[in-house]
1. Taking the options 252, 189, name whichever one is crowded, with 22+ Cβ neighbours inside 10 Å and at pLDDT 85 or above.
2. I'd like the full set of residues that are among the hydroxyl-bearing types (Ser, Thr, Tyr) and in a helix (DSSP H, G or I), limited to the range 277-296.
3. Tell me, please, whether a residue that is of a type in the set (S, T, N, Q), modelled with pLDDT under 70 and not in a helix (DSSP H, G or I) can be found in the range 350-370.
4. Answer yes if at least one residue in the range 247-262 is part of a helix (DSSP H, G or I), touching a residue at least 12 places away in the same chain (Cβ under 8 Å), among the acidic types (Asp, Glu) and under 29 Å from residue 182 (Cβ atoms), and no otherwise.
5. Tell me, please, whether a residue that is closer than 21 Å to residue 155 by Cβ and surrounded by fewer than 21 Cβ atoms within 10 Å (Cβ to Cβ) can be found in the range 69-86.
6. Can you find even one residue in the range 192-204 that is in a loop (DSSP other than H, G, I, E, B), exposed (fewer than 14 other Cβ atoms within 10 Å of the Cβ) and at pLDDT 85 or above?
7. Is the range 104-127 home to any residue that is touching a Ser or Thr at 6+ places or on another chain (Cβ under 6 Å) and within 23 Å of residue 57 (Cα to Cα)?
8. Which members of the range 99-118 meet the condition of being without any contact (Cβ under 8 Å) to a residue 40 or more places away in the chain and over 13 Å from residue 182 (Cα atoms)?
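The values are calculated or read from the model by the stated rules, or taken from the named source; none is laboratory data. Quick caveat, the model's predicted, so the values are computed rather than measured. Using ideal geometry, Cβ is built from the backbone for each residue, glycine included, and neighbour counts are taken over all protein chains shown.
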Amino acid sequence: MATVLSSNDSFASLRIPDFRYFVMNSFLITATLLIQEVVLGYELYKMTHDPLALGLVGLAEAIPFIALSLFGGHLADRRDKKRILQWSLLVITLGSVILYFMFQPVVVSRLSQTAQLATIYGVLMLIGTAKGFYSPASSSLKPFLVPRELYANSATWYSSFWQVGAITGPGVAGFLYSGLGFDNTLLVVIALQIVCFVLITMVSRRPVPVSDAPVLGFRESLKEGFQFVFNTPIVLYAISLDLFSVLFGGVVAILPVFAEDILKVGAEGLGVLRAAPSVGAVLTLAYMTKRPPTDHAWRNMLLAVAGFGVATIIFSQSTNFYLSVLMLALTGAFDSVSVIIRQTIMQIFPPDHLRGRVAAVNGIFVSSSNEIGAFESGLMARLLGTTPSVLVGGIFTLVALGYIYTRSKNLFSVKLN
């Protein structure tokens with residue numbers, strides 16, 4: 001007998017096997033990529049002592065991601081999403097394998113620092129390329145795994161698993177680095193990425209959505225996706241808020257500088273700092289499984305971004321490790337509120353045949369805020385100094401929020417339930 005699912009059941013989405021495999025993969029791929037990112041960032045800073053080298057990590061991933069994600073979205077709307085995810089995971093794993101062999105003593109001893117950096121950034125570009133296909137395929141597959149009445153519930157659980165991965169990855173990265181070394185930590189990453197491939201393989205294939213609209217060429221197809229985003233204010237302003245808040249207010253990329261030079265807490269402290277936003281997010285998400293923020297959604301989103309900006313400003317001025325951890329946890333808590341609302345919007349409003357392209361446009365905004373934001377953080381830290389650059393970023397977040405508030409007052413009446 002089929003299981004009867006109720007939108008009042010907090011665990012409804014998790015009772016669907018395909019969704020369970022999907023979110024378990026989300027947890028693991030997030031954790032593994034963050035483990036790799038943390039240890040690679042720490043290794044880079046030890047090699048160069050240059051915050052810009054950390055910022056270039058984000059730029060190296062962002063360039064191919066932004067260049068290819070629109071095509072990835074176009075492909076996700078017309079091809080088997082599961083197959084795209086499988087191939088993307090294989091390429092991501094290949095990147096980790098290359099890093100592992102590059103850092104073997106027999107190889108690294110023959111490479112200059114310039115050659116080592118070129119290889120690292122080249123591998124990051126390869127991973128960014130894979131993400132350009134993985135991200136829109138993953139985002140556009142998710143709504144097909146649960147019924148429409150469970151969209152908000154599934155968005156909460158998906159974000160929860162993602163955030164737990166975002167806690168686990170940085171939280172264990174410093175200890176793995178200290179206990180196993182850089183190259184053996186990469187072996188752990190590779191093994192977990194193989195598990196991710198198995199989990200995606202266990203998800204049932206979904207048919208490609210069929211639309212009555214005429215088949216469009218690539219350029220017209222992308223234009224249709226952009227037009228939907230820019231003609232749907234709640235979608236446009238939701239992803240714009242994420243863009244501006246993380247682009248200006250994000251501090252994750254330069255946390256190695258805080259850990260090493262300002263707070264002086266080393267690799268283990270860096271792991272705690274990196275995990276703190278996700279700890280705050282998971283605690284908030286656990287609460288939101290019972291009390292989702294989709295009532296008065298737009299008001300809640302604006303308040304959350306305001307809280308994110310204020311916590312960032314306080315973090316920039318802190319020289320106390322525990323206060324810094326608390327402020328980072330608050331940024332994660334506030335960000336999780338906006339993530340739930342934005343993901344629910346992204347599941348409710350786009351039609352099925354446009355999901356891949358809308359997800360790709362959203363992915364460009366997210367990548368711009370995360371990866372290019374990481375580059376901006378590194379560049380501004382070099383130009384202004386680490387602390388002033390974070391302070392200015394927090395202030396810019398609040399300025400951008402004020403502008404979007406003046407443009408979006410009519411969205412306060414929109415209901416997502």
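1. Exactly one of 252, 189 is crowded, with 22+ Cβ neighbours inside 10 Å and at pLDDT 85 or above, namely 189.
2. Scanning the range 277-296 gives 278, 284, 287.
3. Checked the range 350-370: no residue is of a type in the set (S, T, N, Q), modelled with pLDDT under 70 and not in a helix (DSSP H, G or I).
4. Checked the range 247-262: at least one residue is part of a helix (DSSP H, G or I), touching a residue at least 12 places away in the same chain (Cβ under 8 Å), among the acidic types (Asp, Glu) and under 29 Å from residue 182 (Cβ atoms).
5. Looking through the range 69-86, at least one residue is closer than 21 Å to residue 155 by Cβ and surrounded by fewer than 21 Cβ atoms within 10 Å (Cβ to Cβ).
6. Checking the range 192-204: at least one residue is in a loop (DSSP other than H, G, I, E, B), exposed (fewer than 14 other Cβ atoms within 10 Å of the Cβ) and at pLDDT 85 or above.
7. Taking every residue of the range 104-127 in turn, none turns out to be touching a Ser or Thr at 6+ places or on another chain (Cβ under 6 Å) and within 23 Å of residue 57 (Cα to Cα).
8. 106, 107, 109, 110, 111, 112, 114, 115, 118
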